[in-house]
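Every number in this text was worked out from the coordinates using simple rules, so none of it is lab data. Keep in mind that what you see is a predicted model, and the values were worked out from it rather than measured. Cβ sites come from the backbone with ideal geometry, for glycine too, and all protein chains shown count toward neighbours.
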Amino acid sequence: MFNRPVRVRFAPSPTGPLHMGGVRTALYNYLFAKKHGGIFLIRIEDTDQARFVPGAQEYIMDALAWCGIVPEEGPGIGGDYGPYVQSERQHMYRAYADELVANDKAYIAFDTSEDLDKMRDQAKQMGMPNWQYNSTTRTSMKNSLTLPSDDVQRRMDANEPYVIRMKMPRNRDIRFEDAIRSWVVVNTNNLDDKVLFKSDGMPTYHLANIVDDHLMEITHVIRGEEWLPSAPLHVMLYEAFGWEAPIFAHLPLLLKPDGNGKLSKRDGDRLGFPVFPTNWISKEDGEVYSGYREKGYFPEAFINMLAFLGWNPGTTQELFSMDELIEAFTLDRVSKAGAKFDPDKTKWFQQQYLRAKPNEELATVLSQLLIEKHELNHLTTICGLMKERATFVEDIITEGSFLLGRPTKYDETTLTKKWKGDASALMTQWQTTLAGLNSFDAAAVEESFKAFITEKSLGIGAVLPLFRLLVTGKGMGPSMFEISEFLGKEECVARIDSGLTAMIELAPNE
Ligand code: GLU
């Protein structure tokens, strides 16, 4: 263990939205930092300009904020080790690459992509499909190890494009102890001479990542299993620089629910659950990739679920607040085996959190939802219908509550005064007439109503209040024809049904 304070980082590349596997990596880093009273920082790794996706960085920061994973240092936050975006640190990396070249730990290579393709093709024809630029093949390539030094200088002076490659030693066992996987041993003969610095003047991920982890005094590198194959190179780079390497911890993969393969970005919407924390709208094709936030998950439930994908507390407790997770989390309880994502269990977590929420808090969420569900257009119509009868804005929904939901009470005065004789039979007939209408706008309902009362030789006052009572529960209100149009045929017919049923109890002696 380090005697320096714990500093960990989440280092996403802004190549798209953050997959939930990425959120889990951020979460474990965060929990680990908090547990040890350390620092959790965010670093944006955008050295690969070709894969840069606009909006991705903002998405990542926003998604983490929704999850309650709050970094102490990072872009837009600040800190003593900034800048925290690699493209803003671009000027720093070259000197480190040069240092390695000067110390014979790296070399300059002039091979063009055509040269490399040619070598690959030749090797393939000789029955070796996996040609690599490595400690053996580099001796026959165009680089500063094979070319005379004045030739190297001449090419550089002539601005010939070149890269800087790692000079992997031959036949050495690289060993490091991963906090989750225990000892990892890889022989350098199985590793290639990775490019550290590209011809476009940018470092590769490997160089920038190691330089920044060192400069930012990172003590533990907690990241996804997909980076395990890069770890031996990283260990070699620390050695080449003479720096103390951090402790590595490679997290298990997230698997599809059936356990067959990695959970991919495309799986979610295909299998019916989100794989992203929040909605992502693709700028390329406008496609929406759904997120847990918009599906209605509470961030606490999402985080609780995520914590268990690859870790367990060793007890039967399943519900953990963020503070409890911080308290319980240890890397030695993270498993090596891939973690199967379970959509049903995810819903179960959400249910537990919903049930535990105070009713007042649920009501606040619900009211926002009602506004969204009813849409502004809908509310605009309600305002138009109710305005004449309101003094305060609130009256619009109290007096007009029947526009948002079915009546639960029926006006007693109208009941005693109007619900008499054959009211039930009359309303049943009117319901049948309404059900038969093809057009259901206010004018059509009014026309049909007039025909109905004329045919029955009844006055408006004998029929309209009954209709109003069943549909709205009220004795007065805006035009019944406009209300009918607003509610629609099916709803009007259904309300007459439930109103008639209620009348059996409320007016038994009609
Ligand atoms: N930029 C890498 C990624 O996108 C970070 C890997 C690491 O944590 O070292 O996952």
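Data overview
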| quantity | calculated |
| --- | --- |
| Compactness of region 126-281 as Cα Rg over 2.2 N^0.38 Å, two decimals | 1.31 |
| Two-decimal Rg to Rh for region 234-281 - Kirkwood Rh, Cα set | 1.27 |
| Crossing angle, helix 20-35 versus the chain [Cα axis fit, 0-90 degrees, rounded to tens] | 70 degrees |
| Evaluated at q = 0.15, 0.16, 0.20 Å⁻¹: base-10 log I(q)/I(0), Debye formula over Cα of region 352-510 | -0.85, -0.95, -1.31 |
| Span from the region 192-240 Cα centroid across to the region 41-68 one, whole angstrom | 19 Å |
| Protection-proxy order for peptides 408-414, 224-230, each taking the mean of Cβ atoms within 10 Å per residue, highest first | 224-230, 408-414 |
| Between region 436-500 and region 153-175, the Cα center-to-center distance that results, in Å | 85 Å |
| Degrees separating the helix 489-506 axis from the principal Cα axis of the chain, which is the longest one | 60 degrees |
| Prolate/oblate/rounded call for region 237-341, Cα gyration tensor, a/c under 1.5 rounded | oblate |
| Relative exposure of H378, H250, H36, judged by other C-beta atoms within 10 Å (fewest first) | H378, H36, H250 |
| Helix 423-435 axis, angle to the chain major axis (alpha carbon atoms, nearest 10°) | 50 degrees |
| Range of Cα positions in region 45-148 per principal axis (Å), largest first | 55, 33, 19 |
| Sum of -39500 (n - 2.57) over DSSP H runs of 4+, divided by residues of the chain (222 nm, nearest 500) | -14000 deg cm²/dmol |
| Mean separation of Cα contacts under 8 Å, 6 or more apart, over the residue count of region 232-370: relative contact order % | 25 percent |
| Volume of the Cα convex hull of the chain, divided per residue and given in Å³ | 233 Å³ |
| Once the Cα gyration tensor of region 286-433 is diagonalised, semi-axes √(5λ) in Å | 51, 18, 16 |
